[in-house]
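The values are calculated or read from the model by the stated rules, or taken from the named source; none is laboratory data. As the structure is a prediction and not an experimental result, all values here were calculated from the model. FYI the Cβ positions are ideal-geometry reconstructions off the backbone, even for glycines, and counts take in every protein chain you see. With ligands, DNA and RNA removed, areas are computed over all heavy atoms of the protein, side chains included. Shrake-Rupley method; radii C 1.70, N 1.55, O 1.52, S 1.80 Å.
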Amino acid sequence: MTRRKFLKRLIVMIITLLGAFSLKIWLPQRGMQQSGPVSGPLEAESIPFQPQVAPESDKPVTSDKLAKLDKSIPDGVLQFSMFLLSDIHISVYENTSTNKLNKALSDISKFDSKVDTIVFGGDLTDYGRDVEYNRLKSVLNGYKLPPLYGNMGNHDYYDIWIDRNGGFNTKKMPNGKKDVTSRDRFQKFIGYKDQPYQDIWINDVHLIMLSQEAYLEERPEVGEGAWYSDAQLEWLSHKMLEHQTGKPALIFIHQPLPILGSDGGSHQLIRATDFRNILKPYKNVFVFSGHTHRNFKENGHYSKESFHWISNASVGRTLPVHAEYDALKPNNDAQGCCIQIYTNKVVVRGREFSNQSWIKNANWTFPLE
């Protein structure tokens, strides 16, 4: 073998080895979705939001197109305004989430028009413990706020990971605790009587809050996914009958939907096919999810199916923008979204509470059909 051929072969081998090494590093960073039981809680941050690939006639409308559309639609009459605050993650182990919530509530309290309600989009707490709900209540009591509603996220069931000494104990999970206790705590805090899901009409706008009904103590197979019972889905189907006239429906879930045509696994809405089929006959339906913590400054928060689907950011733990990530700098981002409904359109805007500004990349306007 000539020296030249030897060097070429050596270079090819080096490139191949480097490629394999890079792939090995990259795969864990992307996060692998699990569809079965888990030995410990998996963080939502590892599961990226992936907008669905829609048919050619139903391609998602980009934020830019919607912004242009906004200029062509007159304002009409504003009939409803609200804020959606997802993934607050109130904790007694750190103060960051509490401080960020205070910034959000302070900002909302000074909003330039009336705010009709605030919805908490799951993961109100880090572990679903009484001490965390008490801390959350203490923060809320410091502000004059509109009526509050919400739904449960997977973290609101996490008390089963905490042992009697207050330690995180995976070996003894559920540590003598029950999922029903977590549901009862949430319902007591939010004011729901019989189940962790609820609906309310405000100014001719229908808000429907759906909740994860079980976690690993009752259903080990759900992982970090959102399991809805037959009763909750039948309830949703019945509530949607009120929308045959096309009045706007805002539906709040926590975990995102899986790809079209499939049911979800861990970190997703599990009975997604049933959920989608229930909504399919109706127009002017808007679904809002949380869980991923993705920053509104990045793309991929909107997807069009038979309904409009928007993935919210997080108040307590919004992820940094990948291109701007610096491990040595604190991440001060605290984000949520404002939803305003006019007589002829729906406007959804991402809000950065840390500096009281609108996020340019998160600005959608939808004409009502």
Tell me, what HN-Hα J-couplings in whole Hz come from the Karplus equation 6.51 cos²θ - 1.76 cosθ + 1.60 at θ = phi - 60° for each residue of the range 279-296, using x for Gly and Pro? 7, 3, x, 10, 9, 6, 10, 10, 9, 10, 10, x, 6, 7, 6, 5, 6, 5
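Please calculate how many Å² of accessible area the range 165-245 carries per residue, with a 1.4 Å probe and no DNA, RNA or ligand atoms counted.
Each residue of the range 165-245 exposes 48 Å² on average to a 1.4 Å probe.
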Beta carbons within 10 angstrom, averaged per residue: use that to sort the peptides 133-139, 337-343, highest first. 337-343, 133-139
A correct Karplus calculation of ³J(HN,Hα) over the range 114-130, with 6.51 cos²θ - 1.76 cosθ + 1.60, θ = phi - 60°, whole Hz and x for Gly and Pro, returns 4, 9, 7, 6, 10, 10, 8, x, x, 6, 4, 10, 8, 9, x, 9, 4
Between the alpha-carbon centers of the range 327-346 and the range 77-125, tell me the distance in whole angstrom. 10
The range 208-337 - share of DSSP beta bridges that are antiparallel (%, nearest 5): 20
Whole number in Å², please: accessible area per residue of the range 249-361, 1.4 Å probe, ligands, DNA and RNA not counted. 35
Going highest first, how would you order 205-218, 229-242, 179-192 by mean Cβ packing within 10 Å? 205-218, 179-192, 229-242
nm² value of the averaged projected area, convex hull over the Cα atoms of the range 131-191: 4.7
Please turn the phi angles of the range 194-200 into ³J(HN,Hα) values with the Karplus equation 6.51 cos²θ - 1.76 cosθ + 1.60 (θ = phi - 60°), one per residue in order, whole Hz, x for glycine and proline. 9, 8, x, 10, 7, 9, 7
Just to confirm my numbers, what's the Cα centroid distance between the range 162-202 and the range 206-264 in Å? 18
At 4 °C and 1.567 mPa s, grab the translational diffusion coefficient of the range 127-231 from Stokes-Einstein with a Kirkwood Rh over Cα pairs, rounded to a whole number in µm² per second. 87
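What ranking, highest mean first, results for peptides 285-297, 157-169 when packing means the other Cβ atoms within 10 Å averaged over each residue?
In decreasing order of mean packing, 285-297, 157-169 become 285-297, 157-169.
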Which residues' amide hydrogens lie under 5 Å from the amide hydrogen of GLY336, considering only partners 5 or more residues apart or on another chain, with H built in the peptide plane? ARG351, PHE353
Computed D for the range 282-369, Stokes-Einstein, Kirkwood radius over alpha-carbon pairs, 37 °C, 0.692 mPa s, to the nearest µm² per second, is 238
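Which percent of the accessible area of the range 203-250 is formed by carbon and sulfur heavy atoms (probe 1.4 angstrom)?
Working: 770 of 1690 Å².
About 45 percent, which is the carbon plus sulfur part of the accessible surface.
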